[in-house]
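Quick notes on the structure that follows.
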Amino acid sequence: MGETVIGVIGGSGLYEIAGLEDQAWQEIDTPWGKPSDAILTGRIGETRLAFLPRHGRGHRIPPHEINYRANIDALKRLGVTDLISFSACGSFREEMAPGDFVIADQFIDRTIMRKKSFFGTGCVAHVSIAEPTCARLRAVVAELAEASGVRVHRQGTYLTMEGPQFSTLAESRLYRENWGCDIIGMTNMPEAKLAREAELCYATVAMVTDYDSWHHEHGEVDVPSILKVMAANSAHAKAMVAALPSALAAKERPVCPQGCDHALEFAIITAPEARDPAVLAQLDAIAGRVL
């Protein structure tokens, strides 16, 4: 395999990355439109790193209007191989308290307005997301989170809601009591699905900011409280990002044991003679390896 290139998607607390040299904000054009913002690129030691502000600098874009396809395509074009997502979330579990980090291993997608695939009429593909995050990458980021001093939960089911509103009390109780979800957020789907189609190893670090609306002692979610916890979490997130190169980088990146980096191997089912050339042109970065 080739070189490890680390991608990070996150928020304002990560704009300053310790040890990042040769920094430059790069504007990337994609067939799917513009990503959320320019991408901050550089290197830590010999390892290249690319950081994308998911909501744009200044938090301009709400979760349901993010161009997830452009974001993933842009990172793929920059050579990213391992993608770590940082996001705020609410908790359905007493033990997953505000300030804790959850390394989610499963998702339930309740979004309804978002483009969820790079493929469609003219080139059809079906990838497996039974295991939607990379076990190898999850283990690495869990160790780094623990080393940063934060309390870490190494698994959890993340329900992705559409937003931008928070849950009703009835929804919060449904997700917690009937569906067995552990945390809730607005951004990790279709991000994880698209990362799999792009053959990227993907892991998410969900930073708990609140108890959604189910907790009888904490009441409804409010933005000031969320921002306060997010500010406290940012130091741990920064420490993790700075340590990623030493934890992940190998001159020759090994084949992913879970198969994330060859997810398209047998996924495209449209016959070669039936594939639309215009669609194939859109897929040059995402599926060029198999097309």
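Out of the residues in region 149-173 meeting the condition of being touching a residue at least 60 places away in the same chain (Cβ under 8 Å) and part of a loop (DSSP other than H, G, I, E, B), tell me which one is farthest from Asp210 (Cα to Cα). By that ranking, first place goes to Gly149.
Could you tell me which of the residues Ala249, Ala198, Ala243, Ala267 is touching a Ser or Thr at 6+ places or on another chain (Cβ under 6 Å) and among the small types (Gly, Ala, Ser)? Spell out the reasoning first.
Working: Ala198 fails: touching a Ser or Thr at 6+ places or on another chain (Cβ under 6 Å); Ala243 fails: touching a Ser or Thr at 6+ places or on another chain (Cβ under 6 Å); Ala267 fails: touching a Ser or Thr at 6+ places or on another chain (Cβ under 6 Å).
After applying the criteria, what remains is Ala249.
Could you check Ser167 against (1) closer than 17 Å to Ala192 by Cβ; (2) at pLDDT below 95 and say which number it fails? All conditions pass for Ser167, except number (1).
Among the criteria (1) farther than 30 Å from His215 by Cβ; (2) polar (S, T, N, Q); (3) in contact with a Ser or Thr (Cβ under 9 Å, 6 or more places away or on another chain); (4) assigned to a strand (DSSP E or B), the one Thr41 does not fulfil is (3).
The set of residues in region 174-206 that are over 17 Å from the mean Cα position of the chain (by Cα), outside any loop (DSSP other than H, G, I, E, B) and more than 16 Å from Cys89 (Cα to Cα) comprises Leu174, Glu177, Asn178. Quick one: is Arg138 touching an Asp or Glu at 6+ places or on another chain (Cβ under 9 Å) and more than 16 Å from Leu159 (Cα to Cα)? In short, yes. Might you check whether a residue that is touching a Pro at 6+ places or on another chain (Cβ under 6 Å) and not in a strand (DSSP E or B) occurs anywhere in region 80-97? Checked region 80-97: no residue is touching a Pro at 6+ places or on another chain (Cβ under 6 Å) and not in a strand (DSSP E or B). Does region 92-107 contain at least one residue that is within 25 Å of Glu3 (Cβ to Cβ), more than 15 Å from the chain's Cα centre (by Cα) and surrounded by fewer than 24 Cβ atoms within 10 Å (Cβ to Cβ)? No; the residues of region 92-107 include none that is within 25 Å of Glu3 (Cβ to Cβ), more than 15 Å from the chain's Cα centre (by Cα) and surrounded by fewer than 24 Cβ atoms within 10 Å (Cβ to Cβ). Looking only at residues that are within 24 Å of Ile269 (Cα to Cα) and touching a Lys or Arg at 6+ places or on another chain (Cβ under 8 Å) in region 129-172, which one is surrounded by the fewest Cβ atoms within 10 Å (Cβ to Cβ)? The selected residue is Ile129.
Could you list all residues from region 98-133 that are closer than 30 Å to His215 by Cα, charged (D, E, K, R) and in a loop (DSSP other than H, G, I, E, B)? Within region 98-133, Asp100, Asp105, Arg110, Arg114, Glu131 meet the criteria.
The values are calculated or read from the model by the stated rules, or taken from the named source; none is laboratory data. This is a predicted model, so every value here is computed, not measured. Glycine gets a Cβ as well: all are built from the backbone with ideal geometry, and neighbour counts include every protein chain shown.
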